[in-house]
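All remarks here apply to the structure that follows.
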Amino acid sequence: MLLAGCAPAPPTPSGRVKVVATLGILADWARQVGGERVEVTALLTGNESPHTYEIKPADVKTIADARILFRVGLGLEDWLDAAIENSGNKKLVVVNVADGATGIVAGDAEDKYGNPHIWLDPEYAKAGIENLVKELEKLDPKGESLYRRREAVYFVQLDSLSRAIKAQVATLSDKRFISFHDAWPYFCRRFGLQVVATVEPIPGQEPSAKELARLVDLIRSERIKVITTEPQLSSVLPDMLAKETGVKVVSLNPLESGGGYIAALGTSANALINALR
Ligand SMILES: [Zn+2]
């Protein structure tokens, strides 16, 4: 008891490693590999766009209490920098999904580090999970075998998801679509789909009338059948394009909606593939 003030505090009273993730998908990954040994919080609920998220005072407190901050990186979560500073948490370990990633696709004028949507390719997901597991092992060596076992199980599930999507895409004769914002380049590269244009190349900046007219021409001349939108964004423009050209609007969720990453990606892939069929 006398020494209590001198001894370093354990990660949490329960001994669990506190992980704060930015996206719900990343929180899902942390729970998948960490099981009972981690306590995971996500900053985003899934209804916000991570490009324009505004940090809340409660988020700073969550970061102050965490041992690991798990984020995508590539500048997606620029809004975190001040919060990390303000949290005063000197022991916080920041793990980026993008750490060590190669093959990053060029981004828009505002993405100086490249397009950040790497989590939509299960192979980048595996690399990001591996980054996290390495840090979990360092902070909690006793959990090593559990982390490795759970990671292996999850990777098998990811591989099976990838195989299922690839097999379905292979049956399509037309693999092209227009996406509302540029979230899907890694997903498309992995599975052989093709984005021919983006309605809003810079998130939050609406296209001009001239750019919209160009999209209408493109849909007609190239016979594009599908345009995708996202639940976190307004569908006014996609709906307008649909009315004008007859293109089908499909809602894909690049974020988590409560069922975890595999369910989210599988649902989006199915919706897109069914629309393209
Ligand atoms: Zn995005």
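When residues in region 191-228 are screened for being open to solvent by less than 20 Å² (accessible area, probe 1.4 Å) and of a type in the set (S, T, N, Q), 1 of them pass.
Can you name the residue in region 51-64 that is part of a helix (DSSP H, G or I) and open to solvent by less than 20 Å² (accessible area, probe 1.4 Å) and is also farthest from residue 97 (Cα to Cα) among such residues?
Ranking the qualifying residues of region 51-64, first place goes to 59.
Out of 257, 235, 268, one residue alone is open to solvent by 60 Å² or more (accessible area, probe 1.4 Å) and among the small types (Gly, Ala, Ser). It is 257.
Of the residues making up region 102-130, those that are open to solvent by 30 Å² or more (accessible area, probe 1.4 Å), out of contact with any Ser or Thr (no Cβ under 9 Å at 6 or more places or on another chain) and within 19 Å of residue 162 (Cβ to Cβ) are 102, 103, 105, 126, 127, 130. Restricted to region 159-254, the set of strands (runs of 3 or more DSSP E) holding at least 2 residues that are in contact (Cβ under 8 Å) with a residue 24 or more places away in the chain and polar (S, T, N, Q) comprises 226-229. Within region 25-41, being open to solvent by 20 Å² or more (accessible area, probe 1.4 Å) and either within 16 Å of the ligand (Cβ to nearest atom) or hydroxyl-bearing (Ser, Thr, Tyr) (or both) holds for one residue alone: 41. Any chance region 251-261 includes a residue that's in contact with a strand residue (DSSP E or B) (Cβ under 6 Å, 6 or more places away or on another chain) and of a type in the set (A, V, I, L, M)? Yes, region 251-261 contains at least one residue that is in contact with a strand residue (DSSP E or B) (Cβ under 6 Å, 6 or more places away or on another chain) and of a type in the set (A, V, I, L, M).
Taking the criterion of being of a type in the set (Lys, Arg) and within 30 Å of residue 30 (Cβ to Cβ), no residue of region 216-271 qualifies. Of all residues in region 68-86, those satisfying the criterion of being away from the ligand (no atom under 16 Å from the Cβ) and open to solvent by less than 10 Å² (accessible area, probe 1.4 Å) are 68, 69, 70, 83.
Remark: residue 129 matches the filter, which requires a residue to be under 23 Å from residue 264 (Cβ atoms), out of contact with any strand residue (DSSP E or B) (no Cβ under 8 Å at 6 or more places or on another chain) and in a helix (DSSP H, G or I).
Taking (1) assigned to a helix (DSSP H, G or I); (2) open to solvent by 30 Å² or more (accessible area, probe 1.4 Å) in turn, residue 48 satisfies each apart from (1). Applying the set (1) open to solvent by 40 Å² or more (accessible area, probe 1.4 Å); (2) within 16 Å of the ligand (Cβ to nearest atom) to residue 277 leaves exactly one unmet item: (2).
The values are calculated or read from the model by the stated rules, or taken from the named source; none is laboratory data. It should be emphasised that the depicted structure is a prediction, and the values quoted were computed from it without experimental measurement. Because the Cβ atoms are built from the backbone with ideal geometry, glycine has one as well, and the counts that use them run over all protein chains shown. Surface accessibility is based on the protein's heavy atoms, side chains included, excluding ligands, DNA and RNA. Shrake-Rupley method; radii C 1.70, N 1.55, O 1.52, S 1.80 Å.
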